[in-house]
Amino acid sequence: EERKISGEDMIFVEECSGAKSVTLFVRGSTKHIVDEIVRAIEDAIGVVAATVEDDKVVAGGGAPEIAMAKKLKDYAESISGREQLAVNAFAEALEIVPKTLAENAGLDSIDSLVDLRAAQEDSYYMGLDVFTGEVADMKEAGVIEPKRVKKQAIQSASEAAEMILRIDDVIASTKGPEDMGMDPSAMGGMPPMM
């Protein structure tokens, strides 16, 4: 069938049995909006493709982050020193995901985290249902995420944090004694030339 859309003639072939491809017709008020819709569709298709290829998913609703944070905190108790602080900080960083999810849903983030932690004692599938504001079994609710996407997000966030720390170390090491509030003449040797 030929149809005119926005002044353009277009051919539509519809209701074909056994079709191997489809076309998504995207419209928007501006080119920017259309580009954003196309990007969102491509991301969604990519996530579905990753799920089908890997055939591995994890529960949504912040369930994996709470489970990983709990395991990390348990592990942190078995070590000491700076390593323990780093492991605890990583666990707290993971909890930002469900905390942000709760905040974006208009829920009290502290109460939601407490409820999630308590519910995870029974099942790792317990996550935050943003529609009811309650903790629910994400597997039963059908709220899942591809394992590959979750793994990549955690790895990328870790690498970004590590890069920031390295940059901070480089900046800190390039500061002179004057920048750190020290008197260079008290450190011995010749004072810097002005």
Task: Hey, Ala44 closer than 27 Å to Ser156 by Cβ and either surrounded by 11 or more Cβ atoms within 10 Å (Cβ to Cβ) or assigned by TED's automatic domain parsing to the domain that holds Lys150 (or both) or not - done: no
Task: Identity of the residue in the stretch 119-145, within 21 Å of Ala91 (Cα to Cα) and in a strand (DSSP E or B), that ends up modelled with the lowest pLDDT - done: Glu145
Open item on the list: Between Leu116, Leu85, which is crowded, with 18+ Cβ neighbours inside 10 Å and assigned to a helix (DSSP H, G or I)?
Closed with: Leu116
TODO: Please go through the stretch 115-172 and pick out each residue that is of a type in the set (S, T, N, Q) and farther than 17 Å from Ile96 by Cα.
DONE: Ser123, Thr132
Open item on the list: Against the condition in contact (Cβ under 8 Å) with a residue 24 or more places away in the chain, outside the structural domain of Gly46 (by TED's automatic domain parsing) and of a type in the set (Lys, Arg), how does Arg82 come out, does it pass?
Closed with: no
- [ ] Just need a number here: residues in the stretch 1-33 that are of a type outside the set (A, V, I, L, M, F, W, C) and surrounded by 10 or more Cβ atoms within 10 Å (Cβ to Cβ).
- [x] 1
Task: Any hit, the stretch 93-103, residues being among the aliphatic types (A, V, I, L, M), part of a loop (DSSP other than H, G, I, E, B), over 17 Å from Asp74 (Cβ atoms) and out of contact with any Cys (no Cβ under 8 Å at 6 or more places or on another chain) - done: no
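The values are calculated or read from the model by the stated rules, or taken from the named source; none is laboratory data. As the structure is a computational prediction, the values presented were derived from the model and not from experiment. So basically every Cβ, Gly included, is an ideal-geometry build from the backbone, and we count neighbours across all protein chains shown.
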